[in-house]
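The values are calculated or read from the model by the stated rules, or taken from the named source; none is laboratory data. None of these values were measured; they are calculated from a predicted model. Methodologically, a virtual Cβ is constructed for each residue, glycine included, from the backbone with ideal geometry; neighbour enumeration extends over all protein chains shown.
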Amino acid sequence: MIEVNELTKRYGSKTAVDHLSFTVRPGQVTGFLGPNGAGKTTTLRMILGLDAPTGGAATVSGVPFRSHPRGLRHVGALLDANQVHGGRSAAAHLSALARSNGIPLRRVDEVLQEVGLAEAASRRIGGFSLGMKQRLGIATALLGDPPVLMFDEPVNGMDPEGVLWVRRLFRRLAAEGRTVFLSSHLMSEMESTADQLVVIGRGRLIAAESVPDFAARSTRLSVVVGTPRAAELAAVLTAAGASVEVEGSAGTERLAVTGLPADRIGELAFENRITLHELTTRTASLEEAFMELTADSVEYLAGQPR
């Protein structure tokens with residue numbers, strides 16, 4: 001478990017993280033979201049003891065990460081796949097980390113096999129693609145078989161097969177009872193992978209809840225209506241105060257209705273003897289909800305400071 005309590009980080013007059021509190025629990029994938037400059041990477045670095053907080057505290061399994069004598073046995077992390085020595089081979093890199101953390105050397109071959117780099121074990125890392133470096137970073141995180149795992153943008157540079165593999169890996173790790181904390185800008189991946197979300201903006205907490213609950217907070221809820229008398233129903237609903245948009249092509253039109261709930265739309269259709277083939281409430285996507293709920297926390301808009 002990761003616990004963050006009133007965590008604060010200031011750089012001179014700039015506050016990067018502002019009294020941030022949340023908990024990341026085991027047995028689920030928790031996504032970490034926020035606009036650029038929101039303080040996500042700074043928060044991850046403070047959890048790992050790489051940056052000292054100005055105030056507050058972060059603990060892993062109840063104690064600060066620095067209190068763990070052999071860190072990789074307790075927390076596996078990937079913050080920057082490029083922060084490796086390019087002249088070493090993948091096997092040499094992992095072997096050095098294994099020795100310094102008291103990890104059996106057999107784990108080197110095991111994790112290289114798991115991430116798909118067994119055949120590249122003796123190759124120098126400097127010749128790796130970004131996707132291969134990401135896989136090596138994930139192997140590093142898995143090396144000590146830790147209960148807590150943290151990843152910052154782990155699928156950057158990966159092909160579709162790699163992205164799918166990462167998604168399944170994280171879901172499996174969570175199902176094993178581990179704490180999985182994942183930062184990413186890819187909303188579609190987060191929507192497919194995460195169970196819970198921690199969303200921040202300008203260093204402050206915006207939300208800490210499940211993915212469906214966060215999406216449901218959006219005001220962009222609409223009702224999709226299918227009917228053979230689309231134009232007639234659109235007029236009825238508009239007169240009742242709804243906003244109506246026509247979707248689809250001639251003969252297959254559907255109406256996207258906002259401003260009226262599904263039960264009221266059904267009542268109006270019944271009162272006007274209009275047949276309905278579909279009446280479905282559609283929630284916002286994670287991306288739509290994120291864009292709406294973090295709009296006031298975006299530090300840069302169209303390349304200009306706000």
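Tabulated values for the structure
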read-out: Residue in the range 199-241 that is nearest to the chain's Cα centre (by Cα), counting only those that are crowded, with 16+ Cβ neighbours inside 10 Å and part of a helix (DSSP H, G or I); value: Val211
read-out: Matching entry among Ser122, Ser188 (being over 25 Å from Phe290 (Cα atoms), assigned by TED's automatic domain parsing to the domain that holds Val63 and polar (S, T, N, Q)); value: Ser122
read-out: Candidates Arg273, Arg264, filtered to the one that is among the basic types (Lys, Arg), over 28 Å from Ala207 (Cα atoms) and in a helix (DSSP H, G or I); value: Arg264
read-out: Arg107, sole failed condition from (1) touching a Leu at 6+ places or on another chain (Cβ under 8 Å); (2) assigned to a helix (DSSP H, G or I); (3) more than 24 Å from Lys133 (Cα to Cα); value: (3)
read-out: Qualifying residue in the range 38-58 (condition: of a type in the set (Lys, Arg), surrounded by 15 or more Cβ atoms within 10 Å (Cβ to Cβ) and in contact with a Pro (Cβ under 6 Å, 6 or more places away or on another chain)); value: no
read-out: Neighbours by Cβ (under 6 Å, 6+ apart or cross-chain): first from the range 211-223, among the basic types (Lys, Arg); second surrounded by fewer than 21 Cβ atoms within 10 Å (Cβ to Cβ) and part of a helix (DSSP H, G or I); value: Arg220/Glu288
read-out: Residue within the range 223-231 that is among the small types (Gly, Ala, Ser), in the same structural domain as Asp109 (by TED's automatic domain parsing) and at pLDDT below 95 present; value: no
